[in-house]
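Participant: My questions will all concern the structure given below.
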């Protein structure tokens with residue numbers, strides 16, 4: 001299959017394996033594809049080195065480095081937490097805006113015992129956005145106001161202490177069990 005006749009760019013029809021195609025249409029299609037490709041290749045880099053600073057049962061603090069995108073007039077950062085997995089029936093998702101000079105942000109109002117996909121991206125003065133940077137975060141099951149104390153049990157026989165057992169309450173990374 002090949003070109004049987006070329007229209008010469010004059011808008012005259014040409015033939016492609018027996019079908020009539022207008023040159024103007026082909027030209028527009030090539031221009032549209034080029035514009036889309038140029039837009040994809042010039043995407044603004046997002047915040048770098050996104051990491052978890054701390055997490056509680058209802059919040060998390062993340063930090064990042066500024067994006068390295070010359071010519072991008074930074075206006076603000078957006079920090080979003082979308083619930084992925086939870087032990088609750090209706091976990092919440094949250095989106096906050098952080099100032100243009102901030103390098104960290106605390107997201108409040110999260111659900112306990114929930115795995116979040118946290119994303120951070122930059123917004124410029126023209127409301128254009130950068131690429132997003134992602135981080136997985138688990139909120140804790142619960143927070144301890146007072147650390148659990150060990151349980152001490154002693155065994156006696158005829159008034160003499162035979163055995164002392166100390167039991168430390170179980171803890172899990174996400175909070176008390």
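Participant: Between residue 155 and residue 68, 0.36 nm times their residue separation minus their Cα-Cα distance comes to what?
Facilitator: On the way: separation 87, 0.36 × 87 = 31.32 nm, distance 6.59 nm.
Extending this stretch completely gives an extra 24.7 nm.
Participant: What distance in nm separates the two pseudo spin-label positions at residue 106 and residue 90, each 7 Å out from Cα along the beta-carbon direction?
Facilitator: 2.7 nm
Participant: Shifting gears a bit: For a quick protection proxy, order the peptides 49-61, 102-114, 152-164, 85-97 by their average other-Cβ count within 10 Å, most packed first.
Facilitator: Packing proxy ranking, top to bottom: 102-114, 49-61, 85-97, 152-164.
Participant: Okay, next question. Quick check on region 48-138: take the gyration tensor over C-alpha atoms, sort the square-rooted eigenvalues as a ≥ b ≥ c, and tell me if it's rounded (a/c under 1.5), prolate or oblate.
Facilitator: Numbers: a/c = 2.45, a/b = 2.12, b/c = 1.16.
Because a/c hits 1.5 or more and a/b exceeds b/c, region 48-138 counts as prolate.
Read-outs: derived from the displayed coordinates by stated rules, not from any lab. Computed from a predicted structure; not experimentally measured. Backbone-built Cβ (ideal geometry, glycine too); neighbour counts: all protein chains shown.
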